[in-house]
Amino acid sequence: METHEIIELCKKHTLYNWSASHHVDPLPVARAEGVYFWTPEGKRFLDFNSQLMSVHIGHNHPKVVAAMKQALDELIYIYPGAATRQRAELGQLLASFVPGDINTFFFTLGGADANEHALRAARQYTGRYKILSRYRSYHGGTNATMQLTGEPRRWVNEPGMPGVVHVMDPEPYHFSFGRTDAEKTQANLRYLEEVIMYEGPQNIAAMIIESVTGTNGILPPPAGYLKGLRALLDKYDILLICDEVMSGFGRTGKRFAFEHGDIVPDMVTMAKGLTSSYFPLGALGVSDKVAAFYQENEFWGGMTYNSHPLGLATSKAVLNVFLEEDLVARAEKMGTVMAALLKELAEKHPSVREVRSVGLFGIVELAKNAAGDYLAAYNETPPIMETLRAFFLEEGLYTYIRWGAFMCNPPLCITEEQLREGFAIFDRALDLVDATLEK
């Protein structure tokens, strides 16, 4: 099939997410390997966002592909109430991979329904119905998880599930709670405790957070925040759910981002890196105390494809690659290199307002003037960002652009040479933005 025909038929007969089909301009892709992918005509792109921050081990890893082929010759599907070798093996492996007492897992199709099942489990476990969530968050595209989400994609899905209370982040969009990490942490937790009192702690089942905020800005929490949050929620017997769909599996230089705060949540949700996006799979992990509850109480959750054997076999192969290639340590090491490269961009280009990163989870936020005002208002994409997007693609680089920022979240297997290849394109692209800077 010719490329133009592929694009035409995709647009004619399929819908694209978060897009008006008539205006979408999809990139045609034929194959991928390592940190690169190619169009049918052979143009190569450096994947600087791991697709949707998800292809952690790189594309087309031969060991995972071989394991998937073997799995196709074994058990492809069985109903989720069955016991399978794939389920037993992955459950055991994850229990050793996830820190603390998160030893029990419910396997889903992706991150959104992992979060939805966490919400359901928290309400059943506590007998309470309210859930605290943050405004700068994204938790998935189902009805319930859209309400957990704080950012603008929630707006068109309202009204939705009741019971969600949104609160400010320790790093608000426009205002500051303080200058130092200690000030930000103290101010936000005081404010959060006041919200808890307004809502009634006896009504609140859980708080869900992205351990490091992802699509809303790559925002690592200030020092001390996670530990302080854990203590505050414990004070009122409110469960802590860490959404690690994007930040888990080595992305931040640790297996899970909550480890940076020296805590273990009551529940953790995961997807993306769980299979490196080779197959749809998510999981809800619960602590021993929550698991004990469900030893005697029915778990009200499940769908046809839960604990899909092919997905479980894929995940086991991916986790073995993580361990054999020590990709978590590699992400930490390459993250140090990337942080230095980000700093160089900020020092060279006046249009760079701020850079942030933890491990291989990074962002470049742009300014519209020398005073450092945001290039884009909340939920706004100025024309220069479309120019930037086009330049990246022309230069053979793929990454995620949102509002007035662009991201750098490459596969964890990336080399320093490949990192520098991407940053050289960033450098040239920022010359375009510098030229538009208001005085």
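All of the numbers you see were taken from the coordinates with simple rules; none came from a lab. Just so we're clear, the structure is a prediction, and the values are computed from it rather than from any experiment. Glycine gets a Cβ as well: all are built from the backbone with ideal geometry, and neighbour counts include every protein chain shown.
Three principal axis extents of the stretch 154-280 based on alpha-carbon atoms, in descending order, are 44, 37, 30 Å.
When a/c is below 1.5 the answer is rounded, else prolate if a/b is larger than b/c, else oblate, so apply that to the chain with a ≥ b ≥ c taken from the square roots of the Cα gyration tensor eigenvalues. List each step's numbers first, then the result.
Numbers: a/c = 1.60, a/b = 1.12, b/c = 1.42.
Cα axes put the chain in the oblate bin.
Partner lysines whose Cα lies under 21 Å from the Cα of Lys316, excluding those fewer than 8 positions away in the same chain, are identified as Lys63, Lys69, Lys254, Lys272. Kirkwood-type hydrodynamic radius, the stretch 63-324: 18.8 Å, calculated from all non-identical alpha-carbon pairs.
Computed from the C-beta positions of Ile76 and Val337, the FRET efficiency with R₀ = 45 Å rounds to 0.65. Judged by the mean number of other Cβ atoms found within 10 Å, the most tightly packed of the peptides 47-59, 216-228, 298-310, 1-13 leads the ranking 47-59, 216-228, 298-310, 1-13. A quarter of the convex hull surface defined by the alpha-carbon atoms of the stretch 78-147 gives 6.4 nm² as the mean projection. In the chain, the DSSP-assigned H stretches of four residues or longer account for a calculated mean residue ellipticity at 222 nm of -12000 deg cm²/dmol, using -39500 (n - 2.57) per stretch and the full residue count as denominator. For the pair the stretch 88-159 and the stretch 274-292, the centres of their Cα atoms are 10 angstrom apart.
Please label the shape of the stretch 344-405 as rounded, prolate or oblate, based on the square roots a ≥ b ≥ c of the eigenvalues of the alpha-carbon gyration tensor (a/c under 1.5 means rounded; beyond that, a/b larger than b/c means prolate, else oblate). Judged from the Cα gyration tensor, the stretch 344-405 comes out rounded (a/c under 1.5).
From the square roots a ≥ b ≥ c of the eigenvalues of the alpha-carbon gyration tensor of the stretch 313-374, which class results: rounded (a/c under 1.5), prolate (a/b over b/c), or oblate? Could you put the intermediate results ahead of the total?
Details: a/c = 5.97, a/b = 2.81, b/c = 2.12.
Taking the square roots of the gyration eigenvalues as a ≥ b ≥ c, the stretch 313-374 is prolate.
Coupling constants for the stretch 232-237 follow from the phi torsions by the Karplus curve (6.51 cos²θ - 1.76 cosθ + 1.60, θ = phi - 60°), and in residue order they are 5, 5, 4, 4, 10, 6 Hz; glycine and proline get x. Cross-link partners for Lys12 among the lysines, with Cα-Cα distance under 24 Å and sequence neighbours closer than 8 places in the same chain left out, do not exist in this structure.
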